[in-house]
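First comes the structure, then the notes that go with it.
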Amino acid sequence: MAYTLQPWQVFLAALAGWINRHQQAAIDFLREENRVLLEQLGDRRIRLTDDQRRRLAVAGKAVGRKALLDLAGLVTPDTILAWHRKLVAVKWDQRSKRGPGRPGVMKEIEKHVVRFARENPSWGYRRIEGALANLGHHVAGTTVANILRKNGIDPAPERGSRTSWRTFLGAHWSTIAAIDFTTVEVWGRHGLVTMYVLFVIELRGRHVHFAGMTPGPDDAWIRQVGRNLTDSLDGFLCEKRFCLMDRDAKFTTASRTLLTGAGIEPVRLPPRSPNLNAWIERFMRSIKSECLDRMIFFGGDSLQRAVREYIAHYHAERNHQGLGNAIIAPVPCPTNAVGRVRCRERLGGMLRYYHREAA
């Protein structure tokens, strides 16, 4: 039985075609008008306000990067991203709120104090103070103590009795994980919102787990994340013995007690010692430079999707120099040089993986 179009269906199809033609004509006119405007301006620069830049960034996001490249716009997609990064930086610029404060110790003195303490484990504060005086630097013993504390160096009686990080990590390599937060700015209904994103990494295999994100990481939230991570069936930390973390106040006493109850010892690192947690710091740098810093996020869902896409790429498609340029969890694919080369794209082509198709 043949299907017969109803008169109202024919009318709607004709109306949709007419609207589409008129919309395309209007777009073509605006595009040509933009070109004429740019020709009239020549080399003269257009000065825009922050509000105008924000409006262009929001409108440009809706159009999409590929479509923007085809338009003769006043600005490029890269310029819009630069405006976004500048507005984020302005939000976090607290220089105008800083007080006069106490002048810091000269960098040269701090360098000498750290060197003397590390090369001479038996030297106490007074001995280091005397060595500095020999170099013409007269400082108090409390200043030496503060410098050592800032750099995570123990007092002389304890310095020689502590196990080095190299020895510690070598003995427990397969049972150590590290946890840390990073922040990402997301556009919400009322402007920029800071989202706190939590990651956990396994040191031996470099596997990374996206633990969650929230605009307000309070004690209840971090304890719930801890319960998820230590779940006896599928918790990411269920077989780990140690968890490296910095002294961020978000890692509360209650959350650390929860880890201890699950048989995982929280190892709190000294203040300002990112090198002691270099594995997760390196991951943070990678996800920011390869993904987060190259995008503008509107709402938490877009950020969550980008993070999950990057994690999938990080595990199954990205080569890691720290693992001999290998992939953490590669998907089986032909290794011969015969099959056709294919490219798998994520996040609109921002992340790419090249492989050969099966014969």
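What follows draws every value from the coordinates through simple rules; no lab data is involved. Because the structure is predicted, anything quoted here is derived from the model rather than measured. As a convention, Cβ positions derive from the backbone with ideal geometry for all residues, glycine included, and neighbour counts pool all protein chains shown.
Legend: P(r) of segment 108-161 from all alpha carbon pair distances, 5 Å bins from 0, whole percents, reading 4, 23, 38, 24, 8, 2, 0. Here the extension length gained between Asp50 and Glu119 equals 19.6 nm, from 0.36 nm per residue of separation less the Cα-Cα distance. In this calculation the C-beta distance from Arg149 to Glu290 is compared with R0 = 45 Å, giving a FRET efficiency of 0.80. Can you figure out the FRET efficiency of Glu345 with Arg305, using R₀ = 22 Å and their beta-carbon distance, to the nearest 0.05? E between Glu345 and Arg305, to the nearest 0.05, is 0.90. The separation of segment 102-143 from segment 195-262, counted between C-alpha centres, amounts to 38 Å. Efficiency by 1/(1 + (r/R0)^6): what FRET value for Lys107 and Arg318, r their Cβ-Cβ distance, R0 = 25 Å, to the nearest 0.05? Taking R0 as 25 Å, the efficiency between Lys107 and Arg318 is 0.10. Phi angles across segment 192-208 convert, under the Karplus curve 6.51 cos²θ - 1.76 cosθ + 1.60 with θ = phi - 60°, into 3J(HN,Hα) values of 6, 10, 8, 9, 9, 10, 10, 10, 10, 10, 8, 5, 5, x, 6, 5, 10 Hz, Gly and Pro given as x. Fewest-first ordering of Met213, Met106, Met295 by other beta carbons within 10 Å of each residue's beta carbon gives Met106, Met295, Met213. Here the Karplus relation 6.51 cos²θ - 1.76 cosθ + 1.60, evaluated at θ = phi - 60°, turns the backbone of segment 295-309 into coupling constants of 9, 10, 10, 10, x, x, 5, 5, 5, 4, 5, 5, 5, 5, 5 Hz, with x for every Gly and Pro. Close amide H partners of Cys243, meaning residues 5 or more places away or on another chain with modelled amide H under 5 Å apart, are Ala177, Glu265, Val267. Building the convex hull from the alpha-carbon atoms of segment 167-316 and averaging its projection over directions returns 9.3 nm².
Among the listed pairs Lys91/Lys250; Lys250/Lys288; Lys91/Lys240; Lys91/Lys288; Lys86/Lys240, give every one whose C-alpha distance is greater than 30 Å. Numbers along the way, then the final one.
Details: Lys91/Lys250 21 Å; Lys250/Lys288 21 Å; Lys91/Lys240 38 Å; Lys91/Lys288 18 Å; Lys86/Lys240 40 Å.
As for pairs spanning more than 30 Å Cα to Cα, those are Lys91/Lys240; Lys86/Lys240.
At full extension, Phe298 and His137 could sit 52.6 nm farther apart than now, given 0.36 nm per residue minus the alpha carbon distance.
Taking amide hydrogens as placed 1.01 Å from N in the peptide plane, the amide H of Leu351 sits under 5 Å from those of Arg346, each at least 5 positions away in sequence or on another chain. In this structure the amide hydrogen of Phe236, modeled in the peptide plane, comes within under 5 Å of the amide hydrogens of Asp231, none closer than 5 places in sequence on its chain.
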